[in-house]
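**Q** Quick one: the structure is below, questions incoming.
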Amino acid sequence: MTTALITHDDVLGHATPPGHPEQVARMDAVLGALEGMDLRRVKAPMAAEADLLRVHPRAHLDRVAGAVPEAGTRALDADTHVSPGSLAAAWRAAGAVIRGVDMVLAGEAGNAFAAVRPPGHHAETETPMGFCLFGSVAAAAKHALDHHGLSRVAVVDFDVHHGNGTQDLLWDEARALVISSHQMPLWPGTGRPDETGAFDTVVNRPLPPDSDGAEMRRVYEAEIFPRLRDFAPQLILVSAGFDAHRADPLAQLNWDEADFAWLIGKICEIARETCGGRVVSALEGGYDLEALGASVAAHVTALMENAR
């Protein structure tokens with residue numbers, strides 16, 4: 001089987017102010033790095049309204065839609081902006097991850113990577129924030145559980161910033177294990193180890209500033225992978241942020257491309273043991289364009305090597 005690459009031109013239509021780190025050029029770097037790879041290329045559909053309503057109230061969807069300007073950009077907070085193309089991009093981003101779930105569960109692809117923006121893991125139940133509008137990965141988890149009838153879905157988030165949105169959206173979901181490694185202290189300030197969810201299904205493992213890939217590997221091997229194996233997920237979703245790279249301007253971790261390749265390779269190994277290798281990964285952060293492209297290439301190459 002092959003690895004599916006799911007994206008859409010609409011994700012290029014989400015504009016941010018000049019100098020904003022979450023820029024259209026990020027997608028150019030990602031897709032350029034994946035050009036020529038033997039991937040099954042799929043156009044992302046729009047998410048169904050029912051899929052987003054599993055994690056956000058209608059008032060949130062209406063608020064985001066109502067904020068979209070006719071021209072230029074509009075700030076929802078100091079970091080999060082919308083433009084005329086943002087709504088389509090955000091609905092496609094969620095639709096891409098959900099399409100990946102459908103494909104992998106149907107055996108149409110061994111695993112999948114959703115190359116999308118805006119990212120989603122900071123969007124809380126009723127609050128767009130941290131460059132994010134909708135909780136795409138959380139919506140995909142609920143889709144797998146409620147639409148496909150799975151009983152155990154795991155989310156592994158290795159973005160350098162804590163996935164506060166995914167944690168919030170799945171806090172009360174006993175069928176979802178939510179794992180996050182992230183730098184601490186760092187924005188958004190959440191993600192302490194004592195944040196464990198309503199059913200002890202939230203696992204936060206902070207990493208200190210200036211730590212490197214060796215420390216990350218130690219934490220995953222000793223603390224995270226055992227918990228993931230014990231949960232025995234039927235599907236693993238990955239919030240793949242590449243801003244833990246040593247070159248990234250927004251944080252102070254010191255990972256490199258080999259670390260990202262190792263991490264997704266180990267996640268795929270656990271997926272083979274527990275759920276037939278079913279992994280769906282979605283782009284989150286990563287703001288140094290050269291490092292982002294190289295890290296995504298390493299990540300997707302490892303997915304291809306593990307596709308079944």
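The values are calculated or read from the model by the stated rules, or taken from the named source; none is laboratory data. This one's a predicted model, so the numbers in the text were calculated from it and none came from an experiment. Methodologically, a virtual Cβ is constructed for each residue, glycine included, from the backbone with ideal geometry; neighbour enumeration extends over all protein chains shown.
**Q** Can we say Glu49 is under 20 Å from Gly293 (Cα atoms) and modelled with pLDDT of 95 or more? Show your work before the answer.
**A** Working: under 20 Å from Gly293 (Cα atoms): no; modelled with pLDDT of 95 or more: yes.
Answer is no for this residue.
**Q** Give segment 17-44 a look and list any residue that's in contact with a His (Cβ under 8 Å, 6 or more places away or on another chain) and in a loop (DSSP other than H, G, I, E, B), or say none.
**A** The first filter runs over segment 17-44 and keeps only residues in contact with a His (Cβ under 8 Å, 6 or more places away or on another chain), leaving 17, 20, 24, 43-44.
Selection gives Pro17, His20, Ala44.
**Q** Let me ask another. Evaluate the following for Leu105: is it without any contact (Cβ under 8 Å) to a residue 60 or more places away in the chain, assigned to a helix (DSSP H, G or I) and aliphatic (A, V, I, L, M)? I'd like the intermediate steps shown before the answer.
**A** Details: without any contact (Cβ under 8 Å) to a residue 60 or more places away in the chain: no; assigned to a helix (DSSP H, G or I): yes; aliphatic (A, V, I, L, M): yes.
Against the criterion (without any contact (Cβ under 8 Å) to a residue 60 or more places away in the chain, assigned to a helix (DSSP H, G or I) and aliphatic (A, V, I, L, M)), Leu105 does not qualify.
**Q** Look through segment 118-136, keep the residues that are within 27 Å of Trp255 (Cα to Cα) and touching a His at 6+ places or on another chain (Cβ under 6 Å), and return whichever of them is surrounded by the most Cβ atoms within 10 Å (Cβ to Cβ).
**A** Cys132
**Q** What residue, of Ala144, Ala112, is in a helix (DSSP H, G or I), of a type in the set (A, V, I, L, M, F, W, C), surrounded by 24 or more Cβ atoms within 10 Å (Cβ to Cβ) and under 18 Å from the mean Cα position of the chain (by Cα)? Break it down stepwise before answering.
**A** Numbers: Ala112 fails: in a helix (DSSP H, G or I).
On inspection, the qualifying residue turns out to be Ala144.
**Q** Continuing with the same structure: Could we say that Ser151 is closer than 15 Å to Leu237 by Cα, part of a loop (DSSP other than H, G, I, E, B), of a type outside the set (Phe, Trp, Tyr) and out of contact with any helix residue (DSSP H, G or I) (no Cβ under 6 Å at 6 or more places or on another chain) here?
**A** On the way: closer than 15 Å to Leu237 by Cα: yes; part of a loop (DSSP other than H, G, I, E, B): yes; of a type outside the set (Phe, Trp, Tyr): yes; out of contact with any helix residue (DSSP H, G or I) (no Cβ under 6 Å at 6 or more places or on another chain): yes.
Yes: the conditions hold for Ser151.
**Q** Please determine whether any residue of segment 172-180 is touching a residue at least 40 places away in the same chain (Cβ under 8 Å) and in contact with a Phe, Trp or Tyr (Cβ under 7 Å, 6 or more places away or on another chain).
**A** The answer is yes, given that some residue of segment 172-180 is touching a residue at least 40 places away in the same chain (Cβ under 8 Å) and in contact with a Phe, Trp or Tyr (Cβ under 7 Å, 6 or more places away or on another chain).
**Q** Applying the selection to segment 236-274, what residues are more than 18 Å from Val300 (Cα to Cα) and assigned to a strand (DSSP E or B)?
**A** Initially, segment 236-274 is screened for residues more than 18 Å from Val300 (Cα to Cα), giving 246-254, 273-274.
Passing the criteria: only Asn254.
**Q** Identify the residue in segment 191-217 that is in a helix (DSSP H, G or I) and of a type in the set (Gly, Ala, Ser) and, among all such residues, is surrounded by the most Cβ atoms within 10 Å (Cβ to Cβ). Spell out how you get there, then give the answer.
**A** Just the residues of segment 191-217 that are in a helix (DSSP H, G or I), to begin with: 213-217.
Imposing the further condition that a residue be of a type in the set (Gly, Ala, Ser) reduces the set to 213-214.
Numbers: Gly213: 20, Ala214: 11.
So the residue we want is Gly213.
**Q** Does any residue of segment 269-278 turn out to be within 20 Å of Pro119 (Cα to Cα), crowded, with 22+ Cβ neighbours inside 10 Å and modelled with pLDDT of 95 or more?
**A** Of segment 269-278, the ones within 20 Å of Pro119 (Cα to Cα) are none.
Scanning segment 269-278, I find no residue that is within 20 Å of Pro119 (Cα to Cα), crowded, with 22+ Cβ neighbours inside 10 Å and modelled with pLDDT of 95 or more, so the answer is no.
**Q** Continuing with this model, one more query. Given the structure, is Val64 touching a Lys or Arg at 6+ places or on another chain (Cβ under 7 Å), in a helix (DSSP H, G or I), in contact (Cβ under 8 Å) with a residue 60 or more places away in the chain and under 14 Å from Gly85 (Cβ atoms)? Give the derivation first.
**A** Working: touching a Lys or Arg at 6+ places or on another chain (Cβ under 7 Å): no; in a helix (DSSP H, G or I): yes; in contact (Cβ under 8 Å) with a residue 60 or more places away in the chain: yes; under 14 Å from Gly85 (Cβ atoms): yes.
Judged against the criteria, Val64 is not a match.
**Q** Could you identify the single residue in Ser136, Ser151 that is in contact (Cβ under 8 Å) with a residue 12 or more places away in the chain and closer than 20 Å to Leu76 by Cα? Steps first, answer last, please.
**A** Details: Ser151 fails: closer than 20 Å to Leu76 by Cα.
The match here is Ser136.
**Q** Please verify whether segment 232-240 includes one or more residues that are surrounded by fewer than 22 Cβ atoms within 10 Å (Cβ to Cβ) and on the phi < 0 side of the Ramachandran plot.
**A** Here is the first cut: in segment 232-240, the ones surrounded by fewer than 22 Cβ atoms within 10 Å (Cβ to Cβ) are 232, 234.
From the residues that got through so far, the ones that are on the phi < 0 side of the Ramachandran plot too are 234.
Among the residues of segment 232-240, at least one is surrounded by fewer than 22 Cβ atoms within 10 Å (Cβ to Cβ) and on the phi < 0 side of the Ramachandran plot, which makes the answer yes.
**Q** Right, something else. Suppose we keep only residues that are part of a helix (DSSP H, G or I) and over 17 Å from the mean Cα position of the chain (by Cα) within segment 287-308. Which one would you say is surrounded by the most Cβ atoms within 10 Å (Cβ to Cβ)? Full working, then the answer.
**A** Applying the first criterion (part of a helix (DSSP H, G or I)) to segment 287-308 yields 289-306.
In the following step, the residues that additionally are over 17 Å from the mean Cα position of the chain (by Cα) were identified as 289-291, 294, 301, 304-306.
Details: Leu289: 18, Glu290: 11, Ala291: 23, Ala294: 19, Thr301: 18, Met304: 17, Glu305: 12, Asn306: 20.
If we take residues in segment 287-308 being part of a helix (DSSP H, G or I) and over 17 Å from the mean Cα position of the chain (by Cα), then Ala291 is surrounded by the most Cβ atoms within 10 Å (Cβ to Cβ).
**Q** Here's a follow-up. Any idea which of (1) in contact with a Lys or Arg (Cβ under 7 Å, 6 or more places away or on another chain); (2) of a type outside the set (S, T, N, Q); (3) assigned to a helix (DSSP H, G or I) is the one Gly277 doesn't satisfy?
**A** Tallying (1) in contact with a Lys or Arg (Cβ under 7 Å, 6 or more places away or on another chain); (2) of a type outside the set (S, T, N, Q); (3) assigned to a helix (DSSP H, G or I), Gly277 fails exactly one: (3).
**Q** So which residues in segment 168-190 are out of contact with any helix residue (DSSP H, G or I) (no Cβ under 9 Å at 6 or more places or on another chain) and surrounded by fewer than 24 Cβ atoms within 10 Å (Cβ to Cβ)?
**A** Within segment 168-190, the first condition is being out of contact with any helix residue (DSSP H, G or I) (no Cβ under 9 Å at 6 or more places or on another chain), and the residues that meet it are 171-172, 174, 182-187.
Matches in segment 168-190: Trp171, Asp172, Ala174, Gln183, Met184, Pro185, Leu186, Trp187.
**Q** Return the pair list, or none, for Cβ contacts closer than 6 Å from residues in segment 207-225 that are more than 14 Å from Ile267 (Cα to Cα) to residues that are modelled with pLDDT of 95 or more and acidic (Asp, Glu), at least 6 apart or on different chains.
**A** Gly213/Asp259
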